[in-house]
Amino acid sequence: MREHVLSVVLLFCSSVALFAQGDKITRGPYLQLGTPNSIIVRWRTAGTNTSVVYYGLRAEKLDQKTKSAGILAEHVVLLSELTPATKYFYTIGTTNGPLPGASTNSFVTSPESGTRKPIRVWVIGDPGTQFPQQRKVRDAYYKWTGKRHTDLWLMLGDNAYSFGRDSEYQGAIFDTYGKMLSQSVAWPTLGNHDARSADSKTQSGVYYDIFSLPTQGQAGGVMSGTEAYYSYNYGNVHFVCFNSCDIDRSPNGEMLKWLRIDLAANKLDWTVAYFHHPPYTKGSHTSDDVKGENTDLTEIRENVIPILEQGGTDLVLCGHSHDYERTPLLDGHYGRSNTLTDAHKKNKGNGQEDGDGPYRKPTLGPAPHEGTVYVVAGSSGKISGGELNHPAMCFSTNSLGSLVLDFNGPRMDATFLSEKAEKLDHFTIVKGEK
């Protein structure tokens, strides 16, 4: 009898201890899959507990709550029936109330698709080094943007070096960008280092465990049926997140079939595509290599870029090379660098309002072969040198930094910021002017 009582007491104490651990936040909160009417809030606790988000329109009055099922350590809560373009305040907790130490954060829901409003996008490439340089690039952007809200941010792959382990993501992403993660939705793409612990065919591994990405077109765009590649809308911008790492890139493969359908269905003013491997680079990698590790770059240029240009893509963002490189408006170049001619450049200028003038595209919306700007922005965590002499580029620098995109109706301004918050490059595209 005494042994039975002792077992009950020990079981009770263990349960109490487990729930006590469930009150300790070890990751997050972080925001995922934002739409005009919904958003996902995620966090992790040391032990298991219930998952509740308390939220409302005022920080001092979190009068709504949403609970997800289960007693878990990985908490994923979908907030729905939200109002578009609206600021909400929230905190995370359990059915007993907010977690000890949980702060009150805020987010702004996406505007309705097609809405023309100022939009700020932060872009980081190959950030996940955990080197001091990574935090300098982050701090430079925080200083530069100030109180201006970041509407969404993109990660161009190699988010966690060197193997994409959960512990590497913890240090490189969650411990580094905690403030940004709690206020603005992050939209990642898979890099080759992330792919070392993930399998896109089965959608398994660390990358797929820690991110919640659209498979059914929940945020706009055509459903892809997989988190490995997807699209979404934010205001008047259509974003396409393509997988350049571990999915079939053949012209008749499922991914490229989806890409053609998605671009054909898009009617928004702007189209931005992003993925890890750049079609044009002469940095720490070279896009001229047709063998070995850089065959990914060749296949992207030969198979993917013609589809993006036919679909009216305005801007392509990549990482992989740890530098910054940027083209003028290009069209129709699918070979090695020595095959590039002036005929491939729709505009040979630098695209700067205080220089050669903005790039101008006649159609407001997607139109085939009016030119695309290609950017390599893979220096948010380190720089690795390279010749930086690709003839497609009008600007190249072996400098740390991140890219900022500001959309305002028919105008987009892009700024490359150094780790000292210096403007090293900028360009403008204006659409809808004949």
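Laboratory data are not the source of any read-out in this text; all were calculated from the coordinates shown. As the structure is a prediction and not an experimental result, all values here were calculated from the model. Glycine also receives a Cβ, built like all others from the backbone with ideal geometry; neighbour counts cover every protein chain displayed.
Brief remarks follow.
- Here the spin labels are modelled as points 7 Å beyond Cα on the Cα-Cβ line, and at Val76 and Asn338 they lie 5.0 nm apart.
- Tensor-based shape of the range 33-121 (alpha-carbon gyration tensor, a/c under 1.5 rounded, otherwise prolate or oblate): prolate
- Span-rule helices in the chain, defined as complete DSSP H runs reaching 18 Å or more along the axis (Cα) with Kyte mean at least 1.0: 2-21
- By the Kirkwood approach, averaging reciprocal distances over each pair of separate Cα atoms, the range 373-418 gets a hydrodynamic radius of 12.1 Å.
- Between the range 184-226 and the range 120-174, the alpha-carbon center distance in angstrom: 17 Å
- Take every Cα pair under 8 Å whose residues are at least 6 apart in sequence, average their separation, divide by the length of the range 276-422, and the relative contact order is 29 percent.
- Under 5 Å, built H, 5+ apart or other chain: amide partners of Leu152: Arg120, Trp122
- The relative contact order of the range 25-108 comes to 30 percent, based on Cα pairs under 8 Å that sit 6 or more residues apart.
- Annotation: amide H-H contacts under 5 Å for Ser384 (H modelled 1.01 Å from N, sequence separation of 5 or more, or interchain): His322.
- Principal axis analysis of the Cα atoms in the chain yields extents of 89, 45, 44 Å, listed in decreasing size.
- Take every pair of alpha-carbon atoms less than 8 Å apart whose residues are at least six positions apart; their mean separation over the length of the chain yields a relative contact order of 14 percent.
- Helical runs assigned H by DSSP (4 residues or longer) give the chain a calculated mean residue ellipticity at 222 nm of -4500 deg cm²/dmol, each run adding -39500 (n - 2.57) before division by the residue total.
- Partner aspartates and glutamates for Lys117 [C-alpha distance under 15 Å; skip if fewer than 8 residues away on the same chain]: Asp151, Asp269, Asp406, Asp413
- Burial ranking of peptide ranges 295-303, 281-289 (average Cβ count within 10 Å, highest at the top): 281-289, 295-303
- 3J(HN,Hα) from dihedral phi, the range 380-396, Karplus parametrisation 6.51/-1.76/1.60, rounded to Hz, x for glycine, proline: 7, x, 5, 10, 9, x, x, 6, 6, 10, 5, x, 6, 7, 9, 8, 9
- Residue with peak Gaussian network fluctuation, the chain [Cα springs, cutoff 10 Å], from Glu112, Glu60, Glu419: Glu60
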